[in-house]
Amino acid sequence: MANAWKKDRSIKMATPKSMFLLFSTSLILLTFFYLCSHTTTSSNNFKTLVNLPNSLIQPFDCYKSPQSHPVIANLVEGVKYPFLYSLSDFGTLPDKPHKNIVRLLKGKLFRRPDISVTVQELLEKMKGEGKSGIFVDVGANVGMATFAAAVMGFRVFAFEPVAENLQSICNGIHFNRVADLVNVFEAATSDQLGNITFHKLVGRLDNSAVSATGAKMAFKSNEEIELKVRSIPLDEVIPEKEAVLLLKIDVQGWEYHVLKGAKKLLSRKKGEAPYLIYEEDERLLQASNSSSKEIRKFLGGLGYTHCVQKGTDAHCTK
């Protein structure tokens, strides 16, 4: 019996094969423990981004947010400082897919958002002048302005009430490695603290708004969902000693109410008050019972006397 076990044969414990198996097992275990420890550290970084002891709201915890599926993300074309963002609206598949899904299938990058270019150009200029401070993004949507600033090294306070958009912002925080720079708040901003009725437009979340008329103005065929969201004035969140370089507001006609809730911030003296960009679409403003004239008068009273119209956006400084 050629293969019979020989009782008197000595057992060799340290054979090359046994040593290789021992080494491989040890390496796998070490890698596992390292990854566990690394994940814990990242989670803690997310939860301790900013300390706002006197604030009525704390940053949204992306690690406790249910993950959106599927995740479709890509780089943005034509920006000086590249970044990625994740879609929250896919369009009606397969009939009318989102324009960026079509671009992705053609091997193209996501279309360049104008606000991303504007934010990077302004912040680069300010950085060159030796200025430092945060960028406040009100109506952050999926983070196209937020990540444009964060990949440049600027800290960001982003405000977004729509859950699907929040999930996409969380995706972008991971993709762009900016967990230590971006603080996202699950809230609409206004001049009152509490809850407000919000109208979510299915398939066009970028057009969701406080005003039902404003939400449906351009996309009457889309389904509208009414929900309650938290509202908070910016002055209740941004510490008085926090330097703010740039404030961008795009909230589908609710701009005046956001500005009134940021009166302390906007009342800072020249050189310390933020550069202001807000959407000034007269139809949307009227749907929310305000007007561009009313906004300009309010800003003028706070010292913002230099306003220039660029497309549907107003750029104001002191």
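If the chain linking E124 and T312 were pulled fully straight, counting 0.36 nm for each residue of separation and taking away their Cα-Cα distance, it would gain 65.4 nm. The label-point distance for F298 and K131, in a model that sets each label 7 Å from Cα toward Cβ, rounds to 2.2 nm. A straight chain from V117 to Q192 at 0.36 nm per residue would run longer than the Cα-Cα distance by 23.8 nm. Note on segment 226-314: percent of Cα-Cα distances in each 10 Å bin, starting at 0 and stopping at the bin with the largest distance, equals 16, 51, 28, 4, 0. Residues whose amide H lies under 5 Å from that of A158, counting only those 5 or more places away or on a different chain, are D137, N183, V184, F185; hydrogens are built 1.01 Å from N in the peptide plane. Residue by residue, segment 97-106 carries 3J(HN,Hα) couplings of x, 4, 4, 6, 5, 4, 4, 4, 5, 8 Hz when phi is fed to the Karplus relation 6.51 cos²θ - 1.76 cosθ + 1.60 (θ = phi - 60°); x denotes Gly or Pro.
Annotation for E242 and T92: the two label points, set 7 Å from Cα along the Cα-Cβ direction, are 4.1 nm apart. The accessible area of R155, taken with all protein chains in place and a 1.4 Å probe, comes to roughly 80 Å². Which residues in segment 136-156 place their backbone N less than 11 Å from a point set 7 Å from the Cα of I57 along the Cα-to-Cβ direction? Those under the cut-off are 138-140.
The values are calculated or read from the model by the stated rules, or taken from the named source; none is laboratory data. As the structure is a computational prediction, the values presented were derived from the model and not from experiment. Here Cβ is always computed from backbone atoms with ideal geometry, including for glycine, and neighbour counts include all displayed protein chains. In case anyone asks, the SASA skips ligands and DNA or RNA and just uses the protein heavy atoms, side chains included. Shrake-Rupley method; radii C 1.70, N 1.55, O 1.52, S 1.80 Å.
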